[in-house]
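Working notes, structure below.
Each value in this text was obtained by applying a stated rule to the coordinates, not by laboratory testing. What you see is a predicted model, and the numbers here were worked out from it, not measured in a lab. Please note: Cβ atoms are built from the backbone with ideal geometry, for glycine as well, and neighbour counts cover all protein chains shown.
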């Protein structure tokens, strides 16, 4: 059973974890090193999101594969997503990290592209969701819906049903908080 923390207890807990892990010695060998490569907010968000998406297994493998994604986007993930052609996105079909394959990668990239083109970025999507009910659950639910069902490029390719199910099965199961 999960103990519910007050706002101040949660803040204190998260601040202590920040102090513990936000040190150069930890960052260098952790997937969090990926967003630390960037200065632009959107690049940080995209790099962090993609690194977190594949962050299971061996840390060295995670970092190598996340760096491969960044390299394939020319180390400008936001600019790449905003301007990538279908052909450029399809080149990610050869990407594999454990069970996360090229089809998954393309779906994630197209969903992120949609979020940045039509919803003003990840922060805006989470903020809008949070404002609906002033809760983390509503923020995550809004993100999930925007990410998995509002992806017109994938819908046009008739891939969205399988990928939405895949996304919900292994990526974002919301607990009943």
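Separation of segment 86-145 from segment 45-79 is 14 Å, based on Cα centroids. Each residue, residue 27 and residue 117, gets one label point 7 Å from its Cα in the Cβ direction; the gap between the two is 3.3 nm. The simple spin-label model puts a point 7 Å past each Cα toward its Cβ; for residue 90 and residue 14 those points are separated by 4.2 nm.
Taking every C-alpha pair closer than 8 Å and separated by at least 6 residues, the mean separation divided by the residue count of segment 11-82 gives a relative contact order of 27 percent. For residue 60 and residue 103, the difference between the fully extended length at 0.36 nm per residue and the C-alpha to C-alpha distance is 13.2 nm. The distance between label points at residue 76 and residue 6 comes to 5.0 nm (points 7 Å beyond Cα on the Cα→Cβ vector). Put in line by how crowded their Cβ is, counting other Cβ atoms within 10 Å and starting with the fewest, 59, 144 read 59, 144. A straight chain from residue 141 to residue 39 at 0.36 nm per residue would run longer than the Cα-Cα distance by 33.9 nm.
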